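What follows is a single structure, written as structure tokens, with notes after it.
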């Protein structure tokens, strides 16, 4: 593979790791928010109306941000009944096909997320709740994470092609 492709794979993999580790740290934010909500509601008798909804937004961010790292580390769900018995080249061919399907799916998701983000910006979309937060930040994050997953998917394609050629990336 060319040095440009090797650099692309290295940069995208590193970016996926950074975003994934940032996502992993969000579990502490969620835990602290829920603990604070429980203490203020049950001990101080002062309910914090935004805590549960904030935790829901954080959980959505957690899932979105972990996607690219999950792809990179091949920790996603797969049916190993027959896949585990394939040769490395056959696995690479199968993964190349499924990566193509994934890229198509993520492309459709990206078009939808951009459309949804544009609508949110144009209408200043907000959640109908007591807290009434804007959904623009989470929709922006969703769009960014889909782009990162697309970049990681192309990185996987390059790795599978390298495997088929007998190379290592």
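Summary table below
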item: Selection from segment 6-53 of residues that are farther than 24 Å from residue 147 by Cα, in contact (Cβ under 8 Å) with a residue 60 or more places away in the chain and not in a loop (DSSP other than H, G, I, E, B); result: 53
item: Matching residues in segment 92-109 - criterion: being under 30 Å from residue 168 (Cβ atoms), surrounded by 12 or more Cβ atoms within 10 Å (Cβ to Cβ) and free of Cβ contacts under 8 Å to residues at least 60 places away in the same chain; result: 94, 98, 100, 102, 103, 105, 106, 107
item: Residue match in segment 129-136 (condition: in contact with a strand residue (DSSP E or B) (Cβ under 9 Å, 6 or more places away or on another chain), loosely packed, with under 13 Cβ neighbours inside 10 Å and at pLDDT below 95); result: yes
item: Residue check, residue 144 farther than 18 Å from residue 65 by Cβ, modelled with pLDDT of 95 or more, within 18 Å of the chain's Cα centre (by Cα) and in a helix (DSSP H, G or I); result: no
item: Residue satisfying condition, being modelled with pLDDT of 95 or more and surrounded by 15 or more Cβ atoms within 10 Å (Cβ to Cβ), within set 26, 35, 59; result: 26
item: Top-ranked residue in segment 65-88 [being exposed (fewer than 12 other Cβ atoms within 10 Å of the Cβ) and assigned to a helix (DSSP H, G or I); ranked as modelled with the lowest pLDDT]; result: 80
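The values are calculated or read from the model by the stated rules, or taken from the named source; none is laboratory data. Bear in mind the structure is a predicted one, so any value in this text is a computation, not a measurement. Every residue, glycine as well, gets a Cβ built from its backbone with ideal geometry; the counts of neighbours run over all protein chains shown.
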